[in-house]
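Trainee: One structure, pasted below without further comment.
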Amino acid sequence: MPMTQQRQAALMLPRRGLLALLPLGGCAGQGVTRTGFLGDYEALAPTAANTRDLIFVDPAYRPGEYTHFVLDPIVWRPIEGAPARGDSEIAELRDALRRSLATALGRSRMAADEAAPAPGVLRIRAAITNTRRANWWINVPVQAAGIGLAVMGMPGGIPPPNPGGASVEIEAVDAASGSRLVAVVTYANGVPWAPTGYVTRFGHARRAFDLAADLLQAQLSRQV
């Protein structure tokens, strides 16, 4: 075999090994969900600023009228076919979303002491509807192989196949009347610019929760 062909064959070996790892990932991406948690999805639609999400803001909603918020317990409402999670993982994920919401909402409002109906209080209902766990034992070899291909002058071009992520459905209602003021259905998958998420079980799921909480906060803060 000529030298150039031998070199090409040698360079292809790592890439073949890399491709062989991909079926092990088996990780479908996240997307918007409609589990029934929100009850009504007809009024939710993408916006010019958020084309991949479903959003609703009541035209009568006035941010300045609400100075406090209260968080209902986070609901675990997985879509059909979502990966099963153990009790400890569910508790971990619920706590993570709760902390994300408390942090984002706390930037402009105070947490209410009780969930009792009161004027000027937003009641936040949230459900985790899908999650994907990042598997470091798949992602790390793929990342390492991609770096190796780049060093040898070949394009890697294959992102880690098990990035993780999460999908959520959230609404803010008037604590006194129960009327829905704002709702968001959103999701996020793992991204290369958050590399630590590839090697922690739910790193990119937690990032998805942060982004969802920020999206809700943005809708609650904007004037309609």
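The numbers here are math on the coordinates, done by the rules we state, and not lab data. On a predicted model such as this, the values are computed, not experimentally measured, just so you know. Here Cβ is always computed from backbone atoms with ideal geometry, including for glycine, and neighbour counts include all displayed protein chains.
Trainee: Sort 50-63, 76-89 for me by packing, meaning the mean count of neighbouring Cβ atoms within 10 Å per residue, highest on top. Intermediate results must be reported in sequence, preceding the final value.
Mentor: On the way: 50-63: 15.0, 76-89: 12.3.
Top of the packing list down: 50-63, 76-89.
Trainee: Follow-up question, since we're still on this one. On each of the three principal axes of the Cα atoms of segment 30-83, give max minus min coordinate, whole Å, ordered largest first.
Mentor: Each principal axis gives a Cα extent; for segment 30-83 these are 41, 30, 18 Å.
Trainee: Specify whether the C-alpha gyration tensor of segment 50-117 places it in the rounded, prolate or oblate class, a ≥ b ≥ c being the square roots of the eigenvalues: rounded for a/c under 1.5, otherwise prolate if a/b is larger than b/c and oblate if not. Let's see the in-between values first.
Mentor: Working: a/c = 2.45, a/b = 1.46, b/c = 1.67.
It comes out oblate by the Cα gyration axes.
Trainee: Can you list residues whose amide H is under 5 Å from residue 112's amide H, if they're 5+ apart or on another chain and H is modeled 1.01 Å from N?
Mentor: 69, 70
Trainee: Would you please give the residues with an amide H less than 5 Å from that of residue 188, counting only those at least 5 places away or on a separate chain, with H modeled from the backbone geometry?
Mentor: It is 166, by chain and number.
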